[in-house]
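The values are calculated or read from the model by the stated rules, or taken from the named source; none is laboratory data. Bear in mind that the values here come from a model prediction, so they are computed numbers and not experimental data. Every residue, glycine among them, receives a Cβ derived from its backbone with ideal geometry; neighbour counts consider all protein chains shown. Quick note on the areas: whole protein, heavy atoms, side chains included, nothing else; ligands and nucleic acids left out. Shrake-Rupley method; radii C 1.70, N 1.55, O 1.52, S 1.80 Å.
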Amino acid sequence: MTVLVLGGAGYIGSHMVDRLVERGEEKVVVVDSLVTGHRAAVNPAATFYQGDLSDRDFMRRVFRENPDIDAVIHFAAFSLVAESMGNPLKYFDNNTAGMIALLEVMNEVGVKRIVFSSTAATYGIPETMPIHEDDPQKPINPYGESKLMMEKIMHWSDLAYGIKFVALRYFNVAGAKPDGSIGEDHNPETHLLPIVLQVAQGKRDKLKIFGNDYNTPDGTNVRDYVHPFDLADAHILAVKYLREGNPSNAFNLGSSTGFSNLQILEAARRVTGKEIPAEMAPRRPGDPDTLIAASDKARTVLGWKPQFDNIDKIIASAWAWHSTHPNGYDDRR
Ligand SMILES: NC(=O)c1ccc[n+]([C@@H]2O[C@H](COP(=O)([O-])OP(=O)(O)OC[C@H]3O[C@@H](n4cnc5c(N)ncnc54)[C@H](O)[C@@H]3O)[C@@H](O)[C@H]2O)c1
Ligand SMILES: O=c1ccn([C@@H]2O[C@H](COP(=O)(O)OP(=O)(O)O[C@H]3O[C@H](CO)[C@@H](O)[C@H](O)[C@H]3O)[C@@H](O)[C@H]2O)c(=O)[nH]1
């Protein structure tokens, strides 16, 4: 059997590919346009194709050349909340329209299983915390809306074409392979933890904390952090779940513990031993106050057991990457 990983040169996708290759149970094929990803992040044991998943002819060729593909794991999307507020069509085009093109080709070639990156951003401003999978999904930014549309498209494609899906709604992803060989390298970087660690490295002067007047204990946003290896394990379990003939489903993936932006800063100071200067700044548009997952459904139904259950451990793994790769993959285009 072969698994096709879309977006496997990206931050989370590269950890997925690495995990699949090290597990050694199936062949791994990667498709990535490298629009935000890095060729060097892809484990060399995987077969790599550079191209855009919305290019139907290209995707037909990938499936033709790899006839044993029986499941697709789909990470390839744009994912920046703030950017999506200013340029929503970029998100509906790459994320939502990309999903339509992909499902068309999957249906044509008869591949009927897909595990896909959804997000906590589909819930918008939750009415209760922690967030359960059947809570209302009312996104407050175009990124979250683009992902919710992808979930709905998959629902109807299941009914019409029998393409079974698992939507994995990640909360905030942070950390890296603990040996420091792969990690997070976005340009521009907008995520909290890599920015905090770039300040620790001396690459930035200070952290700007976006808003301290939220309805949270210390006024800064609260988020739930999950490690990419734990996500990768959940994807492996989700593929198994679909191969066993189970129905389409959606699962939250988080630690069920919230950390405020100030708590992340304090933890990073503790782990790195660096001062990490910071200042308060205005709110960033599109940020909900608090996002914390109820993730017992993934534990019960999929048998998911996250290993990175401690924020210091997650931050230490990210620091292993940042401190040894001050310029990331060093392949700026
Ligand atoms: N990072 C997070 O905290 C987080 C949280 C929730 C959900 N997600 C989702 O997880 C997925 C991966 O996120 P990431 O942080 O690794 O992002 P990333 O930008 O590092 O990775 C995305 C990868 O997909 C590729 N790609 C994008 N559009 C493509 C296209 N049309 N065709 C082919 N390749 C394409 C990019 O080149 C990149 O390698 C995304 O779908 C994102 O929405 C991320
Ligand atoms: O320089 C910075 C960067 C971020 N933040 C704050 O840090 C928190 C986390 O922000 P960020 O790391 O950008 O993640 P989110 O915007 O919460 O979004 C991430 O987590 C979501 C799920 O919760 C996913 O859907 C998105 O794809 C992913 O980017 C937010 O309160 C930000 O305002 C700062 O204060 N200063």
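List of remarks:
- In terms of overall dimensions, the C-alpha atoms belonging to the stretch 159-289 reach 52, 37, 26 Å along their principal axes, ordered largest to smallest.
- Inter-label distance, nm, simple model (7 Å from Cα along the C-beta direction), R60/E104: 1.1 nm
- Here the stretch 1-64 and the stretch 150-202 have alpha carbon centers that stand 15 Å from each other.
- Each residue of the stretch 117-124 is assigned a 3J(HN,Hα), and the resulting list reads 6, 9, 7, 4, 5, 6, 7, x Hz, derived from the Karplus form 6.51 cos²θ - 1.76 cosθ + 1.60 (θ = phi - 60°), x at Gly and Pro.
- Charge context of R204, other residues only, Cβ under 14 angstrom, K/R +1, D/E -1: 0
- Computed over the stretch 36-124: relative contact order in percent, which uses C-alpha pairs under 8 Å that are six or more apart: 38 percent
- All other residues whose Cβ lies under 14 angstrom from that of V271 are scored, Lys and Arg at +1 and Asp and Glu at -1, for a net of +1.
- The stretch 20-95: GluC sites (Glu not before Pro) in DSSP coil with no more than 13 other Cβ atoms inside 10 Å: E25
- Relative contact order [Cα under 8 Å, 6+ residues apart], the stretch 150-282, whole percent: 37 percent
- ³J(HN,Hα), Karplus 6.51/-1.76/1.60, whole Hz, each residue of the stretch 198-207, x for Gly, Pro: 5, 5, 4, 6, x, 7, 10, 5, 7, 8
- Long-range amide H partners of S118 with built H, under 5 Å: L168, R169, Y170
- Taking the Kirkwood radius as Rh and the Cα radius of gyration as Rg, the chain has a ratio of Rg/Rh equal to 0.95.
- Excluding ligands, DNA and RNA, the accessible surface per residue across the chain is 42 Å² with a 1.4 Å probe.
- Amide H contacts under 5 Å for A174, placed H, 5+ residues apart: V226, H227
- Near the amide H of I209, within less than 5 Å, lie the amide hydrogens of E279, M280, A281, all on another chain or at least 5 residues away, with H placed in the peptide plane.
- Heavy-atom accessible surface of the stretch 97-165: percent carbon and sulfur, 1.4 Å: 57 percent
- Integer Hz, Karplus 6.51/-1.76/1.60 couplings in order for the stretch 162-173, x for Gly and Pro: x, 7, 8, 9, 10, 8, 9, 8, 6, 8, 8, 8
- Based on DSSP H segments of at least four residues, each scored -39500 (n - 2.57), the chain has a per-residue ellipticity at 222 nm of -11000 deg cm²/dmol.
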